[in-house]
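Colleague: Below you'll find the structure I mean.
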Amino acid sequence: MIRPLIAATLACIMASPVAAQTNASTWPTRPVTMVVPFPAGGPVDLVARIFAQRLSEKLGQQIVPENIGGAGGMSGAARVAKATPDGSVFLFGNQGTHVFSQMLYKKPLYNAVTDFTPVSVAITNAKILVTRKDFPADTLSEFAAFAKSNEAKLHYGSAGSGSATQVTCILLNSALGINVTHVPYRGTGPAMQDLIGGRIDYVCDVISVTVPLVESKVIKAIALLSPQRSPAMPYLATAHEQGLKDFDTDGWNAFFFPKGVPESMVQRLARAVNEILEDPAMRERLEGLGLGVPAPDRRGPEVLDRLVRSDLVILAAPVKASGAVAE
C-alpha cells in the first residue's frame, strides 16, 4: 500500500511544472533540430548553416539544420508550429514564413502570431533585381520599358508562392506598372539555376547569394531594392536612385520556437544569438555577404514579436493592392 503511494507521489512531482522548468534550465541536453524552411543552397540556408555552427559551439549541443521547403517557407514553419514545445526544434524563419504567408494564402497552415514563441532577430537583408545575362536592359528604367512592352512574354521566379522573394517582385511589378507571370520554385536555388539557364527572365533575390553570380557575369544586376547601397555591391545603384522613390523591400530572418516553450529555453537561445552577433568575426562575415546585423536593442523576443505584428499591418495594404494571391 505504501510503496505504490510513494511511487505515485514521486511521479506527480516529476511531472510537475517545477520539475519541467528544472529540466528546461539545463537545455539543451541533446542535439536540437533547426528547421530551415527552404531547400539547401539558397540564401536562407546559407545563413542558417553559419548560425547552426556557432550555436552548436555556444550551446554545447549540435544544432542540426533540417531543410523543409515548399509553400514559400510555410511548410517548414508549420512543422515547427505543430511541434511539441520541448526545445527539440526551432525555426529559422523570415518575412515569408511569418508575414506574407498570412496575406497571400486563404488558409495559412498556422497563425504566425499565436502559434510561435519569438526568440530573436538574426539578420536583416537587402534584395536585388537580377535578370538573365542577355536581358536587354542595364538600368531600372530600361528594364521597366522593356517589361511593359513584353510583359506577356516574361516570367519571374521566386522561392515559392508566399515567399519574401515573390512579394518583393510583386511590389516591384506593382510600382513599375507591369504584370508578369510568376513561376514559383521550391527555393531560390532552383529559381536561380533557371535564371542562369535563361528559362526565366528575372528574380528578386537576397543579395548574399547573388553577388558571386553577378560578378561571374552569369546573371545581370539591375537595381538594389533597398534604401541605401550595399557594401557587398557598392557600384549598384538603388531603385530609389534610379527613379523609384523610397522603394524599400529590406527583410529579416529570425528564430522562433513553437508556442509554449519554457521561458528559460527562449532566453538561453536569445542570449546565444546575441553573443554570436557581438562577435566581430561573425559580424564581418555577415556584412561581407551584404547582410545587416541588428543592434542589440533590435534583436530580442519582445522586439521580434512587435516586428512580426507591425509587418503584418504595414505590408498588408501594398500586398492587397497588388491583387496577388498564392498559387
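The values are calculated or read from the model by the stated rules, or taken from the named source; none is laboratory data. On a predicted model such as this, the values are computed, not experimentally measured, just so you know. Note that we place each Cβ from the backbone using ideal geometry, even for glycine, and neighbour counts take in every protein chain shown. These area figures cover heavy atoms from the full protein model, side chains too; ligands, DNA and RNA do not enter into them. Shrake-Rupley method; radii C 1.70, N 1.55, O 1.52, S 1.80 Å.
Colleague: Among the numbered criteria (1) under 24 Å from G72 (Cα atoms); (2) open to solvent by 20 Å² or more (accessible area, probe 1.4 Å), which single criterion is violated by S216?
Modeller: Of everything listed in (1) under 24 Å from G72 (Cα atoms); (2) open to solvent by 20 Å² or more (accessible area, probe 1.4 Å), S216 misses just condition (1).
Colleague: Do the conditions hold for L129, that is, is it under 26 Å from the mean Cα position of the chain (by Cα), closer than 28 Å to L224 by Cβ and of a type in the set (A, V, I, L, M)?
Modeller: Details: under 26 Å from the mean Cα position of the chain (by Cα): yes; closer than 28 Å to L224 by Cβ: yes; of a type in the set (A, V, I, L, M): yes.
Yes, satisfied.
Colleague: Also: Find the helices (runs of 4 or more DSSP H) located wholly in the stretch 29-131 whose residues include 1 or more that are small (G, A, S), open to solvent by less than 20 Å² (accessible area, probe 1.4 Å) and touching an Asp or Glu at 6+ places or on another chain (Cβ under 9 Å), and list them. Lay out the reasoning, then the answer.
Modeller: Working: elements: 43-59, 74-81, 101-104.
Answer list for the stretch 29-131: 74-81.
Colleague: If a residue has to be open to solvent by 10 Å² or more (accessible area, probe 1.4 Å) and touching a Ser or Thr at 6+ places or on another chain (Cβ under 9 Å) to count, how many in the stretch 193-208 make the cut?
Modeller: Summing the residues that are open to solvent by 10 Å² or more (accessible area, probe 1.4 Å) and touching a Ser or Thr at 6+ places or on another chain (Cβ under 9 Å) in the stretch 193-208 gives 2.
Colleague: Mind checking which residues of the stretch 152-167 are modelled with pLDDT of 95 or more and either closer than 19 Å to T238 by Cβ or charged (D, E, K, R) (or both)?
Modeller: K153
Colleague: Kindly establish whether L304 is surrounded by 15 or more Cβ atoms within 10 Å (Cβ to Cβ) and in contact with a strand residue (DSSP E or B) (Cβ under 7 Å, 6 or more places away or on another chain). Break it down stepwise before answering.
Modeller: Details: surrounded by 15 or more Cβ atoms within 10 Å (Cβ to Cβ): yes; in contact with a strand residue (DSSP E or B) (Cβ under 7 Å, 6 or more places away or on another chain): yes.
Yes: the conditions hold for L304.
Colleague: Pick from V89, V80, V130, V121: which is at pLDDT 95 or above, within 21 Å of Y202 (Cα to Cα) and touching a strand residue (DSSP E or B) at 6+ places or on another chain (Cβ under 6 Å)?
Modeller: Working: V89 fails: within 21 Å of Y202 (Cα to Cα); V80 fails: within 21 Å of Y202 (Cα to Cα); V121 fails: within 21 Å of Y202 (Cα to Cα).
Exactly one of V89, V80, V130, V121 is at pLDDT 95 or above, within 21 Å of Y202 (Cα to Cα) and touching a strand residue (DSSP E or B) at 6+ places or on another chain (Cβ under 6 Å), namely V130.
Colleague: Right, something else. Quick check on my filter: what residues within the stretch 236-249 are touching a residue at least 40 places away in the same chain (Cβ under 8 Å) and touching a strand residue (DSSP E or B) at 6+ places or on another chain (Cβ under 6 Å)?
Modeller: Residues satisfying the conditions are L236, A239, Q242, T249.
Colleague: Still on this structure: Could you please find all residues in the stretch 279-306 being more than 17 Å from the chain's Cα centre (by Cα) and among the aliphatic types (A, V, I, L, M)?
Modeller: Correct list: A281, M282, A295.
Colleague: Answer yes if at least one residue in the stretch 228-249 is among the acidic types (D, E), surrounded by fewer than 24 Cβ atoms within 10 Å (Cβ to Cβ) and at pLDDT below 95, and no otherwise. Before you say what the answer is, go through the steps one by one.
Modeller: First, pick out the residues of the stretch 228-249 that are among the acidic types (D, E): 241, 246, 248.
Still in the list and also surrounded by fewer than 24 Cβ atoms within 10 Å (Cβ to Cβ): 241, 246, 248.
Restricting the remaining residues to those that are at pLDDT below 95 gives 246, 248.
Yes; the residues of the stretch 228-249 include at least one that is among the acidic types (D, E), surrounded by fewer than 24 Cβ atoms within 10 Å (Cβ to Cβ) and at pLDDT below 95.
Colleague: Report, by residue number, each residue of the stretch 271-298 that is in a helix (DSSP H, G or I) and crowded, with 20+ Cβ neighbours inside 10 Å. Outline the logic, then answer.
Modeller: So in the stretch 271-298, the residues in a helix (DSSP H, G or I) come out as 271-277, 280-288, 296-298.
Result: A272, V273, I276, L277, L286.
Colleague: If you check V261 against the conditions, is it assigned to a helix (DSSP H, G or I), in contact (Cβ under 8 Å) with a residue 12 or more places away in the chain and surrounded by 15 or more Cβ atoms within 10 Å (Cβ to Cβ)?
Modeller: no
Colleague: Taking the criterion of being under 30 Å from the mean Cα position of the chain (by Cα) and at pLDDT below 90, would at least one residue in the stretch 6-16 satisfy it? Reasoning before the result, please.
Modeller: The first filter runs over the stretch 6-16 and keeps only residues under 30 Å from the mean Cα position of the chain (by Cα), leaving none.
Looking through the stretch 6-16, none of the residues is under 30 Å from the mean Cα position of the chain (by Cα) and at pLDDT below 90.
Colleague: I've got another one for you. Would you be able to say whether some residue in the stretch 78-99 is hydrophobic (A, V, I, L, M, F, W, C) and farther than 30 Å from S25 by Cα?
Modeller: Yes, the stretch 78-99 has at least one match.
Colleague: Here is a follow-up. Give me the pairs: first residue in the stretch 173-188 and farther than 16 Å from K127 by Cβ, second residue open to solvent by 40 Å² or more (accessible area, probe 1.4 Å) and assigned to a loop (DSSP other than H, G, I, E, B), beta-carbon distance under 7 Å, and six or more apart or on different chains, which are they?
Modeller: I178/E151; N179/E151; V180/E151; P184/E327
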